[in-house]
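Novice: Sharing a structure here in structure tokens format.
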Amino acid sequence: MTEKKGGEIIADFLVREEIPYVFGICGHGNVGLLDPLLDVQDKVKLVSPRHEQTAAHMADGFFRVSHKPAATLTSTGPGSANLIMGLAVAQTDSSAIFSITANVPTSQFNRGPFQELNQHHQADFNNVIKPVVKRSFQPTRVEMLPLAMRQAATTMTTGRPGPVNLDVPYNLFQESAEVKDEAAWNGFNTRRNGASNEDVARVADWLLEAQRPVLFIGHGVTLSEASEELTALAKRLSIPVISSPNGMGCIDMRDPLSLGFIGRNGAFASNQAGRRADLVLAIGARFDDRSASSWKPGYSWNFPSTRLVHVDLDHAELGRNYPPDIAILADARAFLRQLLAELDRRKAGTEPRLPEWHAAIAGWRKEWKDFIQPGFETHSSPIRPERIVADCRAVLPDDAIISLDSGIHHNWFMQFWEARRPRTMLNTWGYSGMGFGPSAILGAKLAAPDKVCVSICGDGGFTMVPHVLCTAVEYNIAVVWVVWNNFAWGAIRDLQYAYFGGREYGTAFYHGQNKERYNPDFAMWAKAAGVAGHTVTRSQDFAGVLREAVASNQPALIDVHVDADIRPPATGAWELPPIPPKEPVFGAPWSPLG
């Protein structure tokens, strides 16, 4: 037993838990923890962005790339409230964050001190943060800190990872008690559960019987670090792979077996294969509305006509949207290794298979390529969206990490990006929070300092978090922002045009006096912050400017003027009830019943 201040207990725990970064902003409520963090700065580095939302996104990006959790630190009241959106993004995309928030001192509970929430319960920030974390812990004595922190760390990385919260009344940082340190957990991906032998054997039977099988993979495969096993299974049984955005790169997307994304902005071959498959083996994927064409039969999938095997670490996802024929609660890598071992035992799947299925897929690929190729080859000003994707593919190295925000640019990259490796495409998918992309790329670069890290973000999203420029300069984080400048909330403007007769209101950016289109001069904005700024209006210039920005190994921003009147060609559907969805631009829904 050792007598320690609460702040020292927390700092020591972060060291033992091997949490390398605290992304935090100071305040009167957490000043008592800053001094203990100074004592451990060689092992736990404090990085202070200019907004708490960005702190959460940085921790999120850091985990997605490194698979090591980082912490956030915020003060009482508004600072902690600013975390909510970032934690919601992390929770819905299964990203682990150790969130430390300060609260009012215990001696002032329920007296309405500065920044207390007490309408329904004293020091009630727990009920604010509860919906966006796996669990919120609020120790009220120093003696409670060690157990609460170990339980928080265990919760954070056990099963489906996600953010947790340690809400600390700020007197605990300075008060002392005799405590015994709890053992560190540090347990992500070290304890895995597998499937039953019977289920593994039955899945192997079905895969070998199927004539038109597909694998559908999601973030669970990425989190489980199962890329090698996934690729081995696909190649062994000649099964094409459809990926959710957070699963992209688990199989090299230039591999002939990779079909890309599915849904409204999926590739044509993916939707064709999904709706014509006779068996779908889904691993670590959720079947959300955007990857299932709003669950409309025949647009992306055809359950229950198609057999479904659903494997997931989270029991709540099994059967949430489609009742599976076999539901398996298991870690992706553990299950894939079991399945490969079963195929080894049978000496099955050693020859090329399914020639008719692959011939059909090759035909769909050719149809799609013939349709989209002209846009990739056209030079114009403003620049066609396809050119941005094509030039990023040509310039960036295979192991480059890109982050994407919410917006029309994300739809283009979902449809046409070719991730070569896992953990190289960071998406705000489940909650789709704007500001994630420009912020998370900072955390990604800290996790992988030797990798090229590029944020492709909308003009609207970047304008929400322009202070990321300051953080890059302060901490010398060499990232590149490509601002997709179409002078509008482009994705929403397109919905307005599509569903309301071409009318537009509140979705385009106009100058208040002359009503011409308006945005800040993003390049000048970057230069004012000490970041290299570039403006590109001709497609012939973008690749060279991107190459220069990457080669500089310094923070850089490229303001790219993109044609706002060219839209991703829908191959599936997305419904906004009660508005009837638009039909696909290319391809048509298909039913096995005709």
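Rule-based calculations on the coordinates, nothing more; no lab input. Given the structure is predicted, the values throughout are model-derived calculations rather than measurements. Glycine gets a Cβ as well: all are built from the backbone with ideal geometry, and neighbour counts include every protein chain shown.
Novice: Straight distance only, please: which aspartates and glutamates reach the Cα of LYS180 with their own Cα at less than 17 Å, same-chain residues fewer than 8 apart left out?
Specialist: GLU3, GLU8, ASP12, GLU17, GLU143
Novice: A follow-up question, please. Between beta-carbons, use under 12 Å as the cut-off and find the net charge around SER293, counting Lys and Arg +1, Asp and Glu -1.
Specialist: Summing Lys and Arg as +1 and Asp and Glu as -1 gives +1.
Novice: Note down the magnitude of the dipole of the chain about its Cα centre, charges +1 on Lys and Arg C-beta and -1 on Asp and Glu C-beta and zero elsewhere, to the nearest 20 debye. Kindly include the intermediate steps, with their values, before the conclusion.
Specialist: Numbers: 57 positive and 63 negative charges, 186 e Å.
Here the chain has a charge dipole of around 900 debye.
Novice: Same structure again: Defining a contact as two alpha carbons under 8 Å apart and six or more residues distant in sequence, what relative contact order in percent does the range 197-361 show? Intermediate results must be reported in sequence, preceding the final value.
Specialist: Numbers: 312 pairs, mean separation 43.3, N = 165.
About 26 percent, as a whole number.
Novice: Taking amide H atoms as placed 1.01 Å from N in the peptide plane, list the residues 5 or more away in sequence, or in a different chain, whose amide H sits under 5 Å from that of VAL168.
Specialist: THR101, ALA102, ASN103
Novice: On to the next question. At a threshold of 8 angstrom on Cα-Cα distance, excluding pairs fewer than six apart, so keeping six or more, what relative contact order does the chain reach in percent?
Specialist: Values: 1349 pairs, mean separation 83.4, N = 594.
The normalised contact order for the chain reaches 14 percent.
Novice: Right, something else. Rounded to the nearest 10 degrees, what's the angle between the helix 355-377 long axis and the longest principal axis of the chain, both from Cα atoms, 0 to 90?
Specialist: The two axes meet at around 70 degrees.
Novice: Quick query: amide H of VAL562 versus all other amide H atoms, modeled in the peptide plane; which residues come in under 5 Å with a sequence gap of 5 or more or a different chain?
Specialist: Residues meeting the amide H criterion: ILE383, ASN485, ASN486.
Novice: Which percent, nearest 5, of DSSP beta bridges in the chain are antiparallel? Mind showing how you got there, number by number?
Specialist: Values: 7 of 69 bridges.
Expressed as a percentage, antiparallel bridges in the chain total about 10.
Novice: Here's another thing I want to ask about it. Along Cα→Cβ, 7 Å out, is where each label goes; now give me the distance between the ones at ARG254 and GLU583 in nm to one decimal.
Specialist: About 3.8 nm, to one decimal.
Novice: Now for a separate question. Using the crude model of +1 on Lys and Arg Cβ and -1 on Asp and Glu Cβ, and no other charge, please compute the dipole size for the range 197-361 relative to its Cα centre, in debye to 20. Provide the component values of the computation, followed by the final result.
Specialist: Working: 19 positive and 21 negative charges, 96 e Å.
Value, rounded to 20: 460 debye.
Novice: Per-residue HN-Hα couplings for the range 277-294, Karplus 6.51 cos²θ - 1.76 cosθ + 1.60 at θ = phi - 60°, whole Hz, x for Gly and Pro?
Specialist: 5, 9, 8, 10, 9, 9, 10, x, 10, 9, 6, 6, 4, 7, 9, 9, 6, 6
Novice: Looking at the range 381-561 only, what percent of DSSP beta bridges run antiparallel? Nearest 5 please.
Specialist: Values: 2 of 25 bridges.
Expressed as a percentage, antiparallel bridges in the range 381-561 total about 10.
Novice: Which one, THR378, MET156, THR428, is farthest towards the positive end of the dipole of the chain when Lys and Arg carry +1 and Asp and Glu -1 on their Cβ?
Specialist: THR378
Novice: In whole Å, what is the distance between the alpha-carbon centres of the range 442-464 and the range 281-302?
Specialist: About 29 Å separates the Cα centre of the range 442-464 from the one of the range 281-302.
Novice: Angle, helix 539-552 long axis vs. longest principal axis of the chain, Cα atoms, 0 to 90°, nearest 10?
Specialist: Taking the Cα atoms of the chain, the angle to 539-552 is about 40 degrees.
Novice: Would you mind checking which residues have amide H under 5 Å from ALA508's amide H? H placed 1.01 Å from N; only 5 or more apart, or other chain.
Specialist: TRP489
Novice: Now for a different question. How much net charge surrounds SER244 when only the other residues with a Cβ under 13 Å from the Cβ of SER244 are counted, with Lys and Arg +1 and Asp and Glu -1? Could the numbers behind the result be given before it?
Specialist: On the way: positive: ARG286, ARG290; negative: ASP93, ASP288, ASP289, ASP312, GLU317.
Its environment carries a net charge of -3.
Novice: May I pose another question? Hey, what do the phi angles of the range 395-407 turn into as Karplus ³J(HN,Hα) couplings, whole Hz, using 6.51/-1.76/1.60 and θ = phi - 60°, x for Gly and Pro?
Specialist: Each residue's phi maps through the Karplus curve to give 8, 6, x, 4, 9, 4, 10, 10, 10, 10, 9, 7, x Hz.
Novice: Shifting gears a bit: Where Lys and Arg each count +1 and Asp and Glu each count -1, what net charge lies around ASN110 among other residues with Cβ under 12 Å from its Cβ? Don't skip to the end; give the middle numbers.
Specialist: On the way: positive: ARG111; negative: GLU116, ASP124.
Within the 12 Å Cβ shell, the charges total -1.
Novice: Please turn the phi angles of the range 486-494 into ³J(HN,Hα) values with the Karplus equation 6.51 cos²θ - 1.76 cosθ + 1.60 (θ = phi - 60°), one per residue in order, whole Hz, x for glycine and proline.
Specialist: Here the 3J(HN,Hα) series is 10, 6, 6, 6, x, 5, 7, 4, 5 Hz.
Novice: Show me the chymotrypsin sites (Phe, Trp or Tyr not before Pro) within the range 449-526 that DSSP assigns to loop and that have at most 11 other Cβ atoms within 10 Å of their Cβ. Walk me through the numbers on the way to the answer.
Specialist: Values: sites: PHE462, TYR475, TRP481, TRP484, PHE487, TRP489, TYR497, TYR499, PHE500, TYR505, PHE509, TYR510, TYR518, PHE522, TRP525; in loops: TYR475, PHE487, TRP489, PHE500, TYR505, PHE509, TYR518.
For chymotrypsin sites (Phe, Trp or Tyr not before Pro) across the range 449-526 that sit outside H, G, I, E and B with at most 11 neighbouring Cβ atoms in 10 Å, the list reads PHE500, TYR505.
Novice: Can you tell me the 0 to 90 degree angle between the C-alpha axis of helix 197-209 and the longest principal axis of the chain, rounded to 10?
Specialist: Rounded to the nearest ten degrees, it is 30.
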